[in-house]
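I have placed the structure first, in the form of structure tokens, so that the comments after it can refer back to it.
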Amino acid sequence: MTALSKKLSAPLAMIALSAVGLLLSVMIILAEQIDQEAERHDRHLVERGLQFQTREIERSLVGEVAWDEAVRRLDNDYDDAWARENIATYLTGQSGFELVLVLDGADQPRLAQQGQKVLSPAEAQRRAAALAPLVAKLRAAERASPAALGPALTGGVVSQPVQVSAFANIDDEIYLVTASMVGSDFGRAVIRHARAPMVVTALKLDGPFLEAFASRFLLAGAHLHRGGAAEPNYGQLPLRDAAGNAVATLDWSPQHPGQRLLGRMIWPVMGVVCALALATILLARRGRTIAEGLIASEARAKHLALHDGLTGLANRLLFEERLRQAIEGLERKRRPMAVLAIDLDRFKAVNDTHGHGAGDELIRKVGERLASVCRGGETVARLGGDEFGVVATDLDANGAAIIAERLLKALCGPMEMSFGVHFVSGSVGVVLVGPEEAHIGAAEAARRADVALYRAKGEGRGRYCFFEDAMDAALKARRALEEDLRAALREGAVRLDYQPQVDANDRVVGVEALARWSHPTRGEIPPDAFIPLAEDCGLSEEMGRYVLKRALEDSVRWRGLQVGINVSARQMKRAGFVDELAELIRKTGANPRQLALEITEGALLGDGEGAHETVDRLRQMGFSLVLDDFGVGCSSLSYIRRYPIDRIKIDRSFVAPLGHDADSEAVVAAIVRLAKALSLSVMAKGVETLAQREILKMIGCAQAQGFLFSPPVPAEAIDALMAHGGRIRLPAQPDAA
């Protein structure tokens, strides 16, 4: 090597080494910055995720605390059994909360339940004391929130729920605690004390919670760190209690994309000492790869947060955002838009028959079909369960109807499922929102679509309905009637009338108990109106228990009469029905041999072991069994052969034409002969004329019931009738009819 070359090589080497050192320094700094940026991104994502989880929990509690019934039961007149069943047990069993406390207006615990265990007063007081800062924070919010003084003039919700949430350390376990103020929803009940009661729920941040949270937000090594020095090499987010103190930190392993980059680039850099330009190119290429990875990671996280994991469609959060944007753009576009609510018909039957896996498969296929028939500018979303929604802009009523028909047509075709071909249908509710209605907002637009959906399902399913103001009024009136029926059952305002049943000599041998309801403002509500209403709003079991208890109590006053009580198919099939009936017999002192349970073939449908066991136990207790509305169903004859029925009641539809229709007389005569052949007694319902009565006697049906003898009357009228010999005097001549 020449001197010149040595002179040149030394500076060049220094330059090369300096360039390499500078490059390495730049790489190290870049790696640190990338790691810091990734950690900040993760921390922001985790913080937003916890906030979203907290809001979800608070929303899930609104239905339990913003409720007129909760105001009555927890504030006006505290009902411990109701609070345990509808608040503590429901929230721990159905919603997964570990701890539930109910505090009164003085912030004293009235009920505390951890899991399925009801805590002692001392344990409840200790937990309430641990949560005092959160309770105080909620009280401060309560003072700033206006109280509901009565029903809203619009008939809507009178107030928004007051809720606060924070983290807490309870017995060395970290919980997400939410305190919710009990308040009115429709203003039919108001807080009577100076301060409202509250419901405090605690969700343990245990392994399953952390696993689900980490999976959702792509966190590795997520765990809770309690106190002490910070763990090195972990991303951290402090979890603070209501006083602002950190009770723990949520730690996770950062991805360290910068460090991974540096480890991969060491050897390439060492190999490019003589080719700095090539090293620069490689570094730029790697930098682009990292940037693209970060962008893809952020896009993936955003997609997961805004889309349904089962179908890939938009979720409720994105649906509400698109709906809000569409309504805000109405005044600018000056063109109407539509919101469509979609619900599958009889989806529960798929889950019950084939399992929840089949239900998920069906939901995925339905999502694919709905997405395939929607245009690019239309947002189709899964809102939860078997509910879907569509937001469509720039269209009129005709265009909205076309979309609804397209959706229904997509649903009605056969679907190839893993368990076989399945036919599904749906109902669609449509609301059209014009520029002049932009003020109603997204929530009201979605609610109107749900109202229209409710009407579509009520009119026979498999169809669509547009929202009309009359629907909303009718729905509110129905809900008001439901509340009135609940109150009537609770206050004993539903009465029992009794219709006499007579023998061949017109002597009263029994009565049938019939529920009647006199509404304080609407007058007499017919049974064919309020009994289906009770079934629709979940009051049928309560109604059945109410009628049984009242009828059993009244039966004691008529030792010589058989009292017929209608029992629904749902009651007969409910577990514990026979035990409940036995307990009522014990309490009322009624005689089972004096009682006849009138059932329809629906109570025996399926011919399962459960139906046989129930019937056998009732017969062993001494009850008589009457098959009501005989001849209406398709298989009544098979039931009287398989079950120990004592009597059949001929449906009024066969009795009414007697005297005018020879075929009806032949059918009734055949039923009577069949009953006698099977050694069953037979009674005719709905007898209204003397001509019908005489024909029934002539063909051998002596026992009868109907308005010819007496309409349903109060129990006192039956007392008076029996006091005068129990015989009903009929008109001397038959009716003109």
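Every read-out reported here was derived from the displayed coordinates using simple, explicitly stated rules and does not represent laboratory data. Here the structure is a predicted model, which is why all the values come from computation and not from measurement. With ideal geometry, Cβ positions are generated from the backbone for all residues, glycine too; neighbour counts draw on all protein chains shown.
Here are the numbers for this structure:
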quantity: Order by protection proxy (mean Cβ within 10 Å, highest first), peptides 684-691, 415-422, 337-344; calculated: 337-344, 684-691, 415-422
quantity: FRET efficiency for residue 679 and residue 483, using Cβ-Cβ distance with R0 set to 56 Å, rounded to 0.05; calculated: 0.70
quantity: Helix 356-373 axis, angle to the chain major axis (alpha carbon atoms, nearest 10°); calculated: 70 degrees
quantity: Cα-projected label distance for residue 368 with residue 397, points at 7 Å along beta-carbon direction, nm; calculated: 3.7 nm
quantity: Lysines with Cα under 27 Å of residue 476, excluding same-chain neighbours fewer than 8 positions away; calculated: 348, 457
quantity: Amide hydrogen neighbours beyond the local backbone of residue 111, cut-off 5 Å, H modeled; calculated: 102
quantity: Residue 32 versus residue 305: modelled label distance in nm, points set 7 Å from Cα along the beta carbon direction; calculated: 2.9 nm
quantity: For region 526-583 versus region 112-143, the gap between their alpha-carbon centres in whole angstrom; calculated: 40 Å
quantity: Qualifying aspartates and glutamates (Cα of each under 13 Å from Cα of residue 302; at least 8 residues distant if same chain); calculated: 42
quantity: Label-to-label distance, nm, for residues given as residue 328 and residue 348 (7 Å Cα→Cβ offset); calculated: 3.9 nm
quantity: Added length on full extension, which subtracts the Cα-Cα distance from 0.36 nm per residue, residue 62 to residue 476; calculated: 147.1 nm
quantity: The chain: radius of gyration over Cα atoms, expressed as a fraction of 2.2 N^0.38 Å; calculated: 1.33
quantity: Distance between region 26-83 and region 354-393 - C-alpha centres, whole angstrom; calculated: 27 Å
quantity: Radius 9 Å from Cβ of residue 335, net charge of other residues (Lys, Arg +1; Asp, Glu -1); calculated: 0
quantity: FRET efficiency for residue 444 and residue 570, using Cβ-Cβ distance with R0 set to 35 Å, rounded to 0.05; calculated: 0.50
quantity: Length released on extending from residue 529 to residue 720, taking residue separation times 0.36 nm less the Cα-Cα span; calculated: 65.7 nm
quantity: Set 117/573; 573/685; 333/409; 676/697; 549/685; 549/587 screened for pairs whose C-alpha atoms are more than 18 Å apart; calculated: 117/573; 573/685; 333/409; 549/685
quantity: Shape call, region 316-467: gyration tensor on alpha carbons, a/c limit 1.5; calculated: prolate
quantity: Note, ³J(HN,Hα) from phi for region 711-721, Karplus 6.51, -1.76, 1.60, rounded to Hz, x at Gly and Pro; calculated: x, x, 10, x, 4, 5, 5, 5, 4, 5, 4
quantity: With Cα atoms, 0 to 90° folded angle of helix 469-491 axis to the chain main axis; calculated: 60 degrees
quantity: Added length on full extension, which subtracts the Cα-Cα distance from 0.36 nm per residue, residue 118 to residue 387; calculated: 93.2 nm
quantity: For peptides 371-378, 647-654, sequence by mean Cβ density within 10 Å, most packed first; calculated: 647-654, 371-378
quantity: Degrees, to the nearest 10: 316-328 long Cα axis against longest axis of the chain; calculated: 90 degrees
quantity: Whole-angstrom Cα spans of region 66-204 along principal axes, big to small; calculated: 48, 29, 24
quantity: Largest-first principal axis extents of the Cα set of region 494-723 (Å); calculated: 46, 44, 35
quantity: Shape category assigned to region 386-445 from the gyration tensor of Cα positions, a/c cut at 1.5; calculated: prolate
quantity: Chymotrypsin sites (Phe, Trp or Tyr not before Pro) restricted to region 18-88 and DSSP loop, no more than 15 other C-beta within 10 Å; calculated: 78
quantity: Estimated FRET transfer efficiency (residue 231, residue 80; beta-carbon r; R0 60 Å; 0.05); calculated: 0.85
